[in-house]
Amino acid sequence: MVALVLVLGTLGLLYGVYFTPLLGVRSVQVLGTKDLNQKQVLDAAAVNSGSPMLTINLAAIRDRVAQINRVASVNVSRSWPGTVRIDVAERVAVGVIKAPDGAHLVDHTAKDFATVASAPAGLPELELPRADPTDPTAVAVVQVLMAVPDKVRAEVLSVSAKSPNSVVLALSAGRQVRWGGSADSTRKAGVLTALMSQPGKVYDVSSPQLATISNP
């Protein structure tokens, strides 16, 4: 009888934990949002109040939240006794594509993740028809922009390219950097830093071993 009571008690406890709101979700905590509002994340997460904490599908919640364009990465975890925690990292714009419907924000992966009424101050214009992580030219443009030394990047007004190997950066004061492709960018960045200590209008590092300065 004692054994039977113990077994039934254990089964009852397990049933209560796994299949009833005894240890159910009481709240959902969203952290890390900046431009996103928490309601957007909560709606995408679709966590039902009272769902058993032990059986809730964290991976499914993560995948749903990751579908939001502004989300770069997301982590979902349990915070006992009854909270589901969602940590979000938002995408950061590195450039903007101006279009009739507004300014398209583009991140370092070449993803067009949001459209706003006007371009945020300080972002260079990406002179591309579109941005897409599957487009080699768009990817080359953002890779080059991220490889440019910080001091130079602060002076970049726009970036253009007709192909992945023809990236050109327009700088303030009418100067230009002809970068070429994204290959060997670390070396090109070092050479450009040295070149820009000299006066000039066009700095060509497309062939870093034969870099030039000209004043056309």
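The values are calculated or read from the model by the stated rules, or taken from the named source; none is laboratory data. Predicted model, so just to flag it, every value in this text is computed and none were measured. Don't worry about glycine lacking a Cβ; one is built from the backbone with ideal geometry, like all the others, and counts go over all protein chains shown. Ligands, DNA and RNA are stripped out before the accessible areas are found, and what is left, the full protein with its side chains, is counted by its heavy atoms. Shrake-Rupley method; radii C 1.70, N 1.55, O 1.52, S 1.80 Å.
If you go through region 114-127 and keep only what is modelled with pLDDT under 95 and surrounded by 13 or more Cβ atoms within 10 Å (Cβ to Cβ), you end up with just Ala119. Selection over region 101-111 of residues that are more than 16 Å from Ala161 (Cβ to Cβ) and either open to solvent by less than 70 Å² (accessible area, probe 1.4 Å) or modelled with pLDDT under 95 (or both) gives a count of 7.
Restricting the first member to region 193-216 and to residues that are of a type in the set (D, E, K, R), and the second to residues that are open to solvent by 50 Å² or more (accessible area, probe 1.4 Å), the beta-carbon pairs closer than 7 Å and six or more apart or on different chains are Lys201/Gly174; Lys201/Gln176; Lys201/Asn215; Lys201/Pro216; Asp204/Arg178; Asp204/Thr212. Number of residues in region 128-169 that are open to solvent by less than 40 Å² (accessible area, probe 1.4 Å) and of a type in the set (D, E, K, R) equals 1. Among residues of region 177-192 that are free of Cβ contacts under 8 Å to residues at least 24 places away in the same chain, those with a beta-carbon under 7 Å from a residue that is assigned to a helix (DSSP H, G or I) and not basic (Lys, Arg) at least six positions away or on a different chain give the pairs Arg187/Pro208; Val191/Pro208.
Evaluating Ser79 against the criteria (1) closer than 24 Å to Ser166 by Cβ; (2) more than 18 Å from the chain's Cα centre (by Cα) leaves one unmet condition, (1). Taking region 170-182 as the range and being charged (D, E, K, R) and either touching a Cys at 6+ places or on another chain (Cβ under 8 Å) or open to solvent by 60 Å² or more (accessible area, probe 1.4 Å) (or both) as the test, only Arg178 passes. Residues in region 28-79 that are under 21 Å from Asp107 (Cβ atoms) and assigned to a helix (DSSP H, G or I): Gln40, Val41, Ala44, Arg62, Asp63, Arg64, Val65, Ala66.
Counting the residues of region 183-216 that are under 16 Å from Val152 (Cα atoms) and open to solvent by less than 40 Å² (accessible area, probe 1.4 Å) gives 11.
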